[in-house]
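One structure is given here, and the rest of the page talks about it.
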Amino acid sequence: MSEAITFTLDGETVTAAPGETIWQVADRLGTEIPHLCYADEPGYRADGNCRACMVEVEGERVLAASCIREPVDGMTVHTASDRAKASRKMVFEMLLADQPAKAQAHDPESQFWHWTGRVDLEQSRLPPRESPAPDVSHPAMAVHLDACIDCNLCVRACREVQANDVIGMALRGHGSKIVFDMDDPMGGSTCVACGECVQACPTGALMPANLLDDAGVRTGFPDERVESVCPYCGVGCQITYNLKDGKLLSVDGRDGPANEQRLCVKGRFGFDYAHSPQRLTEPLIRRDDAPKSADIVMDPANPLEYFREASWEEALARAAGGLRPIRSGTRRGRTPLPDSARPRVPTRKPICSRNWCAPVSEPTMSTTAPGSATPRRSRRCSKASAPAPSPRRSPPARTATSCSSSAPTRQRTIRSPQPI
């Protein structure tokens, strides 16, 4: 195991494990350094392209991105020097110039607006760029590239974390942008709607569609978070429910052994059934004046046209009363259920088939033709392996321990190897 690295961070001597970055050491010790393109989550690597985490290293001409820079023995790092703070503030001011105003922000609680407030920045002196049109072609997610800062976090989420490779970067320089497949609308791309990019986006450029109004502004903010497990398949993905007044707003993946914050489309977006007006909350029993018919077309929004509400006790008693006559065979002259369909029945014995017995003696050689030898094998079988008697003719006489001596023998010619 490699030895720990000792260096100075903001005047204090600290140690770092091999492979640990300056940002990770600072975060472990409680020192805040702004970051946008780096997500301290399972599966995400640092990229160092947003330049929001710059720190000053003594003896070096330029500042260093702390999310990708690893310390060395004897290094002296300043995270709160005037030079580092001015550089980070200028980065946020340039990014803020292209963002919608906070009152019209797609997600005013995003990481971008959090760190913008931490660096004491309210507005930018730089002119904004032309805002691209929103993409609302997807039923579950909305894309607003006017808030995109080209941090590539969604690209890594799609390509490296979820391994879907749908999101990429197109064009160059000032015109570079996020695209789906070959610059297709998100709803027309090969996106599987896992939502990993939505959870990773630090600005609100990618958002759940149900949290936004028609103008693309977020209107739903949770007042409670509940940790739970996804109710769909048996993988056991851990999730966090974001609630508002007791109703589900959105779902985030939680770090667990089965999913490591990843979710599928059902786990992240398949929760609208919980508050559906068609969801049954009380047991229903068919009304006596509404008999069954193949011609009935029931409106799911009005089940009381053919059913009535009942208690759980009445519903279970009605279900048991309907199954009991079927099981006993007294309903409409039907045949009772077979033993295999009844509960608590011992496992049926498997049907035995005739088994070819293994040889129990060494083969004897018989020269039936010049230059060849034929092995003979004697076989033994038990009573259990004998075939069942046929109703049309009596079975051949057999002994208790061996088959009849007239049993046929298989012969196989053994040829000597030919010289090469």
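The values are calculated or read from the model by the stated rules, or taken from the named source; none is laboratory data. No experiment lies behind these values; they were computed from the predicted model shown. Every residue, glycine as well, gets a Cβ built from its backbone with ideal geometry; the counts of neighbours run over all protein chains shown. For accessibility, only protein heavy atoms count, side chains too; no ligands or nucleic acids. Shrake-Rupley method; radii C 1.70, N 1.55, O 1.52, S 1.80 Å.
Within a Cβ distance under 12 Å of Thr15, other residues only, what is the Lys/Arg minus Asp/Glu net charge? Walk me through the intermediate numbers first.
Values: positive: Arg28; negative: Glu3, Glu12, Glu20, Asp73.
Counting the neighbours of Thr15, the net charge comes to -3.
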>> How much length would be gained if the chain were fully extended between Thr240 and Asp183, taking 0.36 nm per residue of separation minus their Cα-Cα distance, in nm to one decimal?
In response: 17.3 nm
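Can you tally the net charge around Val166? Count Lys and Arg as +1, Asp and Glu as -1, for every other residue whose Cβ sits under 13 Å from the Cβ of Val166. Could you put the intermediate results ahead of the total?
On the way: positive: Arg156, Arg159; negative: Glu160, Asp165, Asp181, Asp183, Asp184, Glu196.
So the environment of Val166 carries a net charge of -4.
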>> Just to verify a number: what accessible area does Ser131 come out at with the full protein assembly present, 1.4 Å probe, Å² rounded to tens?
In response: 80
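If you rank Arg279, Arg286 by how much accessible surface each has, with a 1.4 Å probe, what is the order from largest down?
Working: Arg279 125, Arg286 75 Å².
Putting Arg279, Arg286 in descending order of accessible area: Arg279, Arg286.
Excluding Arg88 itself, calculate the net charge of residues whose Cβ lies under 14 Å from the Cβ of Arg88, where each Lys or Arg counts +1 and each Asp or Glu counts -1. Please list the in-between numbers first.
On the way: positive: Arg51, Arg83, Lys85, Lys89, Arg118; negative: Glu32, Glu56, Asp82, Glu93, Asp120.
Around Arg88, the charge tally is 0.
May I ask you to derive the FRET efficiency for Thr76 and Glu109 from their Cβ-Cβ distance with R0 = 51 Å, giving the value to the nearest 0.05?
Plugging the Cβ-Cβ distance into 1/(1 + (r/R0)^6) gives 0.90.
Suppose accessible area is computed on protein heavy atoms with a 1.4 Å probe; arrange Ile33, Ile68 from highest to lowest.
Working: Ile33 5, Ile68 85 Å².
Output order, biggest surface exposure first: Ile68, Ile33.
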> Once phi is turned into θ = phi - 60°, what whole-Hz ³J(HN,Hα) does the Karplus curve with 6.51, -1.76 and 1.60 give for every residue of the range 290-296, x standing for Gly and Pro?
Replying inline: 10, x, 5, 7, 6, 8, 6
>> Quick check for you: which residues of the range 271-300 have the amide N under 19 Å from the point 7 Å beyond the Cα of Arg308 toward its beta carbon?
In response: 281-293
>> For a quick check: with amide H placed at 1.01 Å from N, whose amide H comes under 5 Å from Cys191's, ignoring anything fewer than 5 positions away on the same chain?
In response: none
>> Once ligands and nucleic acids are excluded and a 1.4 Å probe is used, how much of Asp82 is accessible, expressed in Å² to the nearest 10?
In response: 130
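So if each residue of separation counts as 0.36 nm, and I subtract the Cα-Cα distance between Asp213 and Ala170, what length gain in nm does that give? Intermediate values should be presented prior to the final figure.
On the way: separation 43, 0.36 × 43 = 15.48 nm, distance 2.86 nm.
Full-extension gain reported as 12.6 nm.
Can you tell me how much longer the chain between Ala86 and Glu32 gets when fully stretched, taken as 0.36 nm per residue apart minus their C-alpha distance, in nm with one decimal?
On the way: separation 54, 0.36 × 54 = 19.44 nm, distance 1.55 nm.
Additional length available on full extension: 17.9 nm.
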>> I'd like to know which of Pro108, Ile68, Ser124 lies farthest towards the positive end of the charge dipole of the range 25-129, counting +1 on Cβ of Lys and Arg and -1 on Cβ of Asp and Glu.
In response: Ser124
>> Give me the one-decimal nm value for the distance between modelled label points at Ile296 and Val229, 7 Å along each residue's Cα-to-Cβ direction.
In response: 3.7
> How do Phe307, Phe7 stack up against each other in accessible area, from largest to smallest, with a 1.4 angstrom probe?
Replying inline: Phe307, Phe7
> In whole angstrom, how far apart do the alpha carbon centroids of the range 234-261 and the range 65-127 sit?
Replying inline: 29
> If amide H atoms are built 1.01 Å from N in the plane of the peptide, which residues on other chains or at least 5 residues away come under 5 Å of the amide H of Val229?
Replying inline: Ile239
> Val297 accessible area, nearest 10 Å², 1.4 Å probe?
Replying inline: 130
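Which value, in debye to the nearest 20, describes the size of the charge dipole of the range 183-263 about its Cα centre when Lys and Arg Cβ atoms bear +1, Asp and Glu Cβ atoms bear -1, and nothing else is charged? The partial results should precede the final answer.
Values: 6 positive and 12 negative charges, 38 e Å.
Computed charge dipole of the range 183-263: roughly 180 debye.
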> Where the centre of each part is set by its Cα atoms, how far does the range 147-223 sit from the range 282-325, in angstrom?
Replying inline: 46
>> Under the rule of at least 5 residues apart or a separate chain, name every residue whose amide H is placed under 5 Å from the amide H of Ser250.
In response: Asn242
>> Through the Karplus equation 6.51 cos²θ - 1.76 cosθ + 1.60, θ set to phi - 60°, convert the phi angles of the range 102-119 into ³J(HN,Hα) values in whole Hz; use x for Gly and Pro.
In response: 4, 5, 10, 5, 5, 8, x, 9, 6, 4, 4, 5, 4, 6, 4, x, 6, 9
